Amino acid sequence: AMAEPESGLSLTIARVVQRLQGSSLHSQLERQARVSLHKPEIKLESLKEDIKDFLKTSGWEKKLQNAVYSELNVFPSLCHPAAPPEHIKEPLAYMRKAQGSWEKRILKSLNSMCTELSIPLAQKRPASEQKELLNKWNEMGTDEPDLSLFRPVYAPKDFLEVLMNLRNPNYENGEQPSFRNHLGLIQVPLKVKDISELKEDFSELGLNIGQLGIDDSAQVPPEFFENEHVRVGQKVLAEQDSAAAQQYVRQGCPTALRADLWALILNISNQPEDILYYEQLKSNVIQHNLLVDSLIYKDVKLTASNDDYYFVFEDYLYQVLLCFSRDTSVLEHFTYSSATPPKSYIQGKLGMEEYAVFYPPNVNYNSFILSVAPLCFLYHEPSKLYQIFREMYVRFFFRLHSISSHPSGIVSLCLLFETLLQTHLPQLFYHLREIGAQPLRISFKWMVRAFSGYLATDQLLLLWDRILGYNSLEILAVLAAAVFAFRAVNLMEVTSLAAAEAVLADLSTLKVMPLLQIFLFATVT
């Protein structure tokens, strides 16, 4: 049995090496090593050691460490070497099947829209249109095309219906002994954490630990903690160590350091080749017109223009989302997501692989927009904003839109939320259930959008600090339960779903950190 972790480790190493081999970091390291050969301190007799020392002192070793750390954060936990590829995507067959039929449903909806409006999924733009788009790239928001015929491909409540109908075929007729007493909407037996495991996982949020986002901690005067925390944060940035940054942000990011710390955790450095890549995506947007462009457009108009915080970023939102819809590097991540990207072909080239346009697997742009918008507060340079969003998407947000058994996947988050409420606020849970106001019907949209558009921006960023810090989305379910706990007294008095929704309609005054702390560490278990 001792050999097991060993072989697991060597597998991980092999996979990381393979991933890094074709990267630009690899060629930069080779170039640096060659340059170092001309340095006087590099001796032939100790060549290997001297080059290693040189890479260490010149900061390249740190860059390599961060790249490895980044790979380990994104990749799923190890599968058995003999496991078929679909198991790496999602080990449970019934989840794979459900995700597959959900994707088909989305694609069918897209295709029927094409037929109805008689427009192709993808076509080349005429030269005049290309020129016009290029000229107004930075002010696309001024356009007012008529998009009344385009409809969103699905709404969060459609997706929730699909999740409510998930069943594990091995447990027909509800024979799952431990699960029989779960009275929520989610009826699949996944293991979720209980409050004592969550306390352990989120120990840095404890009551006696300094936090950004807590104004009146009894233990530490906030201004004293803040000054010290800023000092440590600057040191973490100077060290350029992703792992240290990830640990640091668990206590929150000082506003002035957040953009740099998040970029360090996500290992985004905006190199010349990254900027070039962004420009290539942009030229693809300019050359080809996709059906989704209109959907993106419509959603940005609806979302941004109705939101006092986000409307100023309207042009950024178009740029990022249009480029994202062309980005095939996102496809790599489908090797470890339960989703499979749908394909469509540029009109007149059906079946020719090089003309295939991969449709973004998630056409609920509304959630996308809300996950880009907060990042606009931090990043003002389009290619950097773009890379940060893409990395946040492939690490975290894709899990909120695909059906899987992953602990950060939306199914587990729904189940975790319902279990926490049923266990710790049973009276409230039963009351809401009795009046036909199942709590998940209200909280689902918060979780699917990672609370963006619901919390005040400063609070949302404090929440996302912790998503990055813990490399997990579980905190979304904990916060959703904490909001119900916080409004429990009012919720006990309502007698309908509409009234319950009214009590929870406005979350913009909530303070995230005290809510999480009280729920996790002051709830009597």
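Number of residues in the stretch 244-254 that are touching a residue at least 24 places away in the same chain (Cβ under 8 Å) and either in a helix (DSSP H, G or I) or touching a strand residue (DSSP E or B) at 6+ places or on another chain (Cβ under 7 Å) (or both): the value is 6. Against the list (1) open to solvent by 10 Å² or more (accessible area, probe 1.4 Å); (2) part of a loop (DSSP other than H, G, I, E, B), the condition A437 fails is (1). Restricting the stretch 194-216 to residues that are in contact with a Pro (Cβ under 8 Å, 6 or more places away or on another chain) and open to solvent by 40 Å² or more (accessible area, probe 1.4 Å), the residue that is modelled with the highest pLDDT is D215.
Taking the stretch 362-421 as the range and being under 28 Å from L198 (Cβ atoms), assigned to a helix (DSSP H, G or I) and polar (S, T, N, Q) as the test, the residues that pass are S367, S371, S412, T419. Filtering V478, V489, V483 for residues that are open to solvent by 10 Å² or more (accessible area, probe 1.4 Å) and in a helix (DSSP H, G or I) leaves a single hit, V489.
Quickly run through the stretch 130-147 and pick out the residues that are closer than 14 Å to I286 by Cα, open to solvent by less than 60 Å² (accessible area, probe 1.4 Å), in contact (Cβ under 8 Å) with a residue 40 or more places away in the chain and touching an Asp or Glu at 6+ places or on another chain (Cβ under 9 Å). W137, M140, listed by residue number.
I268 falls short on exactly one of the conditions (1) in a helix (DSSP H, G or I); (2) under 19 Å from the mean Cα position of the chain (by Cα), and that condition is (1). The residues listed here are Q240, Q219, Q187; of these, the one that is farther than 26 Å from S443 by Cα and either modelled with pLDDT of 80 or more or surrounded by 16 or more Cβ atoms within 10 Å (Cβ to Cβ) (or both) is Q240. Taking the stated definitions as given, is N181 modelled with pLDDT of 75 or more and open to solvent by 80 Å² or more (accessible area, probe 1.4 Å)? Against the criterion (modelled with pLDDT of 75 or more and open to solvent by 80 Å² or more (accessible area, probe 1.4 Å)), N181 does not qualify. Screening M447 on (1) open to solvent by 10 Å² or more (accessible area, probe 1.4 Å); (2) part of a helix (DSSP H, G or I); (3) over 18 Å from L207 (Cα atoms) shows it passes everything except condition (1). Filtering the stretch 44-60 to residues that are modelled with pLDDT of 80 or more and open to solvent by 70 Å² or more (accessible area, probe 1.4 Å) leaves K48, E49, K52, D53, K56, T57.
If you filter the stretch 148-163 down to residues that are in contact (Cβ under 8 Å) with a residue 24 or more places away in the chain and of a type in the set (D, E, K, R), you find that the one that is least open to solvent (accessible area, probe 1.4 Å) is R151. Just give me the residues in the stretch 100-155 being aliphatic (A, V, I, L, M) and part of a strand (DSSP E or B), in sequence order. Matches in the stretch 100-155: A122 only.
A502 fulfils the conditions (1) aliphatic (A, V, I, L, M); (2) in a helix (DSSP H, G or I); (3) touching a helix residue (DSSP H, G or I) at 6+ places or on another chain (Cβ under 9 Å) except for a single criterion, (3). Checked against (1) modelled with pLDDT of 85 or more; (2) open to solvent by 10 Å² or more (accessible area, probe 1.4 Å); (3) part of a helix (DSSP H, G or I); (4) under 30 Å from S472 (Cα atoms), N284 meets all criteria but (4). Within the stretch 90-104, track down each residue that is open to solvent by 50 Å² or more (accessible area, probe 1.4 Å) and touching a residue at least 24 places away in the same chain (Cβ under 8 Å). Correct list: P91, L92, R96.
Take the conditions open to solvent by 50 Å² or more (accessible area, probe 1.4 Å) and either closer than 30 Å to L190 by Cβ or without any contact (Cβ under 8 Å) to a residue 24 or more places away in the chain (or both) and apply them to S112. Does it pass? Answer is no for this residue. Residues in the stretch 264-281 that are open to solvent by 50 Å² or more (accessible area, probe 1.4 Å) and hydrophobic (A, V, I, L, M, F, W, C): I275, L276.
The values are calculated or read from the model by the stated rules, or taken from the named source; none is laboratory data. Every value quoted in this text rests on a predicted model; they were computed, and no experiment measured them. Note: ideal-geometry Cβ built from the backbone for every residue, glycine included; neighbour counts use all protein chains shown. Heavy atoms of the whole protein, side chains included, go into the accessibility calculation; ligands, DNA and RNA do not. Shrake-Rupley method; radii C 1.70, N 1.55, O 1.52, S 1.80 Å.
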